[in-house]
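> One structure follows; several queries about it will come next.
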Amino acid sequence: MIKFHKIGVHQVGLRDSSKEDEPVILSLLSKVFKQGNEARLVERLRACGSLVLERVATDDQGKVLGHLALSRVTGTGIGHRLKISCLAPVCVEPALQNTGVGTRLIQDALDDLQGLGEDLVLVLGSPDYYARFGFDGELAKKIQGPYAGPIFMALPFTQAGREDLPVEVTYATPFKEFE
């Protein structure tokens, strides 16, 4: 199903990615990040079945303008019961960055993810940008894993996601390349 949104002068469709989108997504990731690491990460996350949600933003002709992936993160201890995911990577066609396409893509995916019963979402990124979605660096300090610091943030969706902490987490194997 495609959800259309008016963003500035653009009509943008948001939908799950398809097999046909995969080469375009990989090309867009390489173009935006100016390297192949993120493209390889998405390929490997798909291959190992770790993706929880993968979305694209398209124009009214169906051209892919943006992409995001959310993958499974595993908690230990009390956190082993939590449904935790990681938002990474996110990208938007360079000419359309700072137009609202990425914001709409992320918000739509987070809304759907919450509807799937997810407890907690983690992200590495700009606190100025991700705070607008509710991501919190202070909460993330209660999460032990391979990433830490001022750009590591967490967004709880449930009471358990706020309170069943601290927790130690393990990211899907393809993230090992980034540790």
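> Within the range 31-97, which trypsin sites (Lys or Arg not before Pro) sit in a loop by DSSP and count at most 16 neighbouring Cβ atoms inside 10 Å?
Those satisfying the criteria are LYS34, LYS63.
> Separate question: Evaluate the Debye formula for the chain with equal point scatterers sitting on the alpha carbons, no solvent, and hand back log10 of I(q)/I(0) at q = 0.12, 0.17, 0.20 Å⁻¹, in q order, two decimals.
The Debye formula, applied to the Cα set alone, gives -0.53, -1.08, -1.45.
> Moving on. At 222 nm, what value in deg cm²/dmol follows for the chain if DSSP H runs of at least 4 each add -39500 (n - 2.57) and the sum is divided by all its residues, to the nearest 500?
-8000 deg cm²/dmol
> While we're looking at this one, here's another question. Report the net charge of residues surrounding GLY161, where surrounding means a beta-carbon distance below 13 angstrom and charges are Lys +1, Arg +1, Asp -1, Glu -1.
-1
> Could you list ILE2, ILE143 so that the one with the fewest beta carbons within 10 Å of its beta carbon is first and the one with the most is last?
ILE2, ILE143
> Within 10 Å, Cβ to Cβ, of SER85, how many net charges do the neighbouring residues add up to if Lys/Arg are +1 and Asp/Glu are -1?
0
> Would you please state the base-10 log of I(q)/I(0) at q = 0.15, 0.17, 0.21, 0.22 1/Å for the range 34-103, with intensities from the Debye formula using one equal scatterer on every alpha carbon?
Listed by q, the Debye log ratios stand at -0.59, -0.72, -0.95, -1.00.
> Run the numbers on the range 57-179 and let me know its relative contact order in percent, using alpha-carbon pairs under 8 Å that are six or more apart.
It comes to 28 percent, rounded to a whole number.
> Sticking with this structure for a sec: If you filter the range 119-163 for trypsin sites (Lys or Arg not before Pro), then keep DSSP loop positions with at most 15 other Cβ within 10 Å, what is left?
Filter output for the range 119-163: LYS141, LYS142.
> Sum up the lysine pairs in the chain that clear both bars: alpha-carbon distance under 29 Å and a spacing of 8 or more or different chains.
22
> Also: Give the distance, in whole Å, between the Cα centre of the range 29-73 and the Cα centre of the range 88-130.
12 Å
Every number here is computed from the coordinates shown, using simple stated rules; none is lab data. Only a predicted model underlies this, so the values are computations on that prediction, with no experimental measurement involved. Please note: Cβ atoms are built from the backbone with ideal geometry, for glycine as well, and neighbour counts cover all protein chains shown.
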